[in-house]
1. Identify the residue in the range 165-177 that is on the phi < 0 side of the Ramachandran plot and out of contact with any strand residue (DSSP E or B) (no Cβ under 6 Å at 6 or more places or on another chain) and, among all such residues, is surrounded by the most Cβ atoms within 10 Å (Cβ to Cβ).
2. Scan the range 33-40 and tell me whether some residue there is more than 13 Å from the ligand (Cβ to nearest atom), assigned to a helix (DSSP H, G or I) and over 22 Å from residue 172 (Cβ atoms).
3. Being under 26 Å from residue 205 (Cα atoms) and in contact with a helix residue (DSSP H, G or I) (Cβ under 9 Å, 6 or more places away or on another chain), is that true of even one residue in the range 127-145?
4. If you go through the range 16-31, how many residues are surrounded by fewer than 24 Cβ atoms within 10 Å (Cβ to Cβ) and within 8 Å of the ligand (Cβ to nearest atom)?
5. Starting from the range 313-333, keep only residues that are assigned by TED's automatic domain parsing to the domain that holds residue 107, then list their pairs with residues that are away from the ligand (no atom under 15 Å from the Cβ) whose Cβ atoms are within a distance under 7 Å, requiring at least 6 positions of separation or different chains.
6. If we only count helices (runs of 4 or more DSSP H) wholly inside the range 320-416, which ones have 1 or more residues that are within 16 Å of the ligand (Cβ to nearest atom) and surrounded by 17 or more Cβ atoms within 10 Å (Cβ to Cβ)?
7. Please go through the range 490-505 and pick out each residue that is in a helix (DSSP H, G or I) and more than 23 Å from residue 331 (Cβ to Cβ).
Ligand SMILES: *Cc1c(COP(=O)(O)O)cnc(C)c1O
């Protein structure tokens, strides 16, 4: 383990291996791709996450699309190496001991990056605390806050216990890790032989911290009742919080303009500790995850400087074997230097077509074995896989069933593969999964095959983004901060058909890298947008995408190749990490 790492990357979730359910979705995939890229580029980074002994959940779907959730037990001993180091944090009046597990990532030139997983399941802890590193995004607000104490405060202490003494940057991947700032404040005070927090200590912490925000809607930001926060943070850190309130920072962290009188009084005003504002106030560098998301964040957080670094994906992970083998033949070294993907422009179209056909066959074989449906390899196949939640609108394609039937009948045929989990507490998201199932049943008689594959994970994602013909993405703008599955698809020669939101505003060249749905205008009336975007989706399918696919296959192959060359060369995690290095880390 390289205990001389300079950058500590903190994330509540991380996707490293299909056998490790330590992630739920895009945020974790981004974290995994970031550390893999750090290993490839030789960046001295260490990552910190919770162990999530019981994962997020395994999704089982009844025939009507009702979601059932099962805990996921995994082979921790077989996949991770136990470390001897221990650290303690206090939660309320309890002491919680922590241990660490080590996962090693070797980059393409042999540089290693360590991921440290925090585990509270030790016999000396009380029963409740032993379960704190079990469930990703599980439990109630109290459980989640305790987890954030373990990640932020416990994470810094474990790094210290492991001998990491050269860290100059603490990167918070979303607000879940924001409590690490309190531990750094404690360290700064100790270093100065002081008890209270002053401007010097705040500056010392700010100089070390980097914060990436991921949520363009205010309700998505993590916050906790201040009373609960003071109780949970207990003796060791509540005073830090109170000290912080004696500075100007407190007003912003608490989003109040009320004058400060006494710490005790503050705690009894029903105020919330907002993790986003805590991180914003104590970071030297803050960014959103796509240009549009940067703009939205600057509107939401007008008092702060917010930059934008558009997400990217790890090319060697997300390009499926058939296309990777083709790239190996034509673009030696593309995995170590993703810029070379640009030169995919010189690969013969027929070879791009053959590679894609192989990936499509792999996906269809999986569909056949997992749900017994034989899809037709000649038919245009749409892919849609993401967290099932209202703003992503998986129901958009089915808005007008008669129109959809007519398009499929008149323009050569259409089929679609769906996947995605709803958060266990998201009733609306679960209803959407049932709605897609109902639409699929209603369309079957008309020869439009729609399948919904259960238990979306990174393995299934690779099959889907590489094997479908067109990647469908329908978020209601401006809700999608970035989105990354369309980037994965692009690298596999699969163009996007997407509303103009998140990364697609940057990646979209009409008819060249894919197609837009709607005009990119925003409207507060969600139902009006649904009708409007659905019409645009149908028109584009019927008049542009399907004629191109069925009547001008060579043009379609050219779009596939453009997607790899133009978007793969840019929306990769090497470009992204280099931007973090230049703007945030160095
Ligand atoms: C890439 C990925 C995501 C993120 O996809 P979005 O386009 O951002 O919705 C979520 N889950 C899994 C399993 C992924 O591989």
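The values are calculated or read from the model by the stated rules, or taken from the named source; none is laboratory data. As the structure is a prediction and not an experimental result, all values here were calculated from the model. Glycine gets a Cβ as well: all are built from the backbone with ideal geometry, and neighbour counts include every protein chain shown.
1. The selected residue is 175.
2. Looking through the range 33-40, at least one residue is more than 13 Å from the ligand (Cβ to nearest atom), assigned to a helix (DSSP H, G or I) and over 22 Å from residue 172 (Cβ atoms).
3. Checked the range 127-145: at least one residue is under 26 Å from residue 205 (Cα atoms) and in contact with a helix residue (DSSP H, G or I) (Cβ under 9 Å, 6 or more places away or on another chain).
4. 3
5. Close Cβ pairs satisfying both conditions: none exist.
6. 349-371
7. Of everything in the range 490-505, those that are in a helix (DSSP H, G or I) and more than 23 Å from residue 331 (Cβ to Cβ) turn out to be 504, 505.
For (1) touching a strand residue (DSSP E or B) at 6+ places or on another chain (Cβ under 7 Å); (2) assigned to a loop (DSSP other than H, G, I, E, B), each residue gets a yes or a no:
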residue	(1), (2)
82	yes, no
88	yes, no
98	yes, no
105	yes, no
113	yes, no
124	yes, yes
134	no, yes
153	yes, no
158	yes, no
